[in-house]
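Some notes on the structure that comes next.
The values are calculated or read from the model by the stated rules, or taken from the named source; none is laboratory data. Computed from a predicted model, the values in this text were never measured in an experiment. Glycine gets a Cβ as well: all are built from the backbone with ideal geometry, and neighbour counts include every protein chain shown. These area figures cover heavy atoms from the full protein model, side chains too; ligands, DNA and RNA do not enter into them. Shrake-Rupley method; radii C 1.70, N 1.55, O 1.52, S 1.80 Å.
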Amino acid sequence: DVFHLALPPLRERRGDVLPLARFFLERFASRMGKPLRRFSPEAEQILHRYSYPGNVRELRNLIERAVILEAGSEVGAPSIVITAGQAPAPVPEGGGSFFTLDCGPNGAPPTLVDLERAYIVRLLDYAGGNRTQVARLLGVSYPTVAKKISDYGIPTERGR
């Protein structure tokens, strides 16, 4: 507890994803005696666009799984298996808008309730329905998110 290092999450450091992935690829390929040396361009796109809710550990596990699955000389897109349900929506290059909400009747701006509900729905889509991840992204407790989902009548995977 001598030094505290504050690092932003991997999803905010997109430039670190591929160098870390290449490091893990080299490490696991060597360990498993496989001739893998690179990722296909499609695999690199998947790696770059994913949000990594599990941070660097998730990237490490993703690459280890890809090395185990891959039989060729490069890691292809089919070997990049994202297991947390469906992959979250890709992050647009250069930022972009997370969601949009139209004005109500007569051009009235949306209410705070409308904004909060829409934001929670979008975060659920982004996190592949993982309510724990939504709570982390919002900086609130899981029970708070569960209550909001219930209060707003937001359908979840179990309810569909």
Can you pull the accessible area of VAL140 for me, 1.4 Å probe, Å² to the nearest 10?
-> 60
Provide the FRET efficiency to the nearest 0.05 for the ARG27-THR132 pair, computing r from the beta carbons and using R0 = 41 Å.
-> 0.90
With every protein chain present, what accessible area does ARG27 have (1.4 Å probe, heavy atoms only), rounded to the nearest 10 Å²?
-> 100
With every protein chain in place, what's the accessible area of ASP125 (1.4 Å probe, Å², nearest 10)?
-> 90
With θ set to phi - 60° and the Karplus curve 6.51 cos²θ - 1.76 cosθ + 1.60, what are the ³J(HN,Hα) couplings of segment 133-140 in order, to the nearest whole Hz, using x for Gly and Pro?
-> 5, 4, 4, 4, 4, 7, x, 10
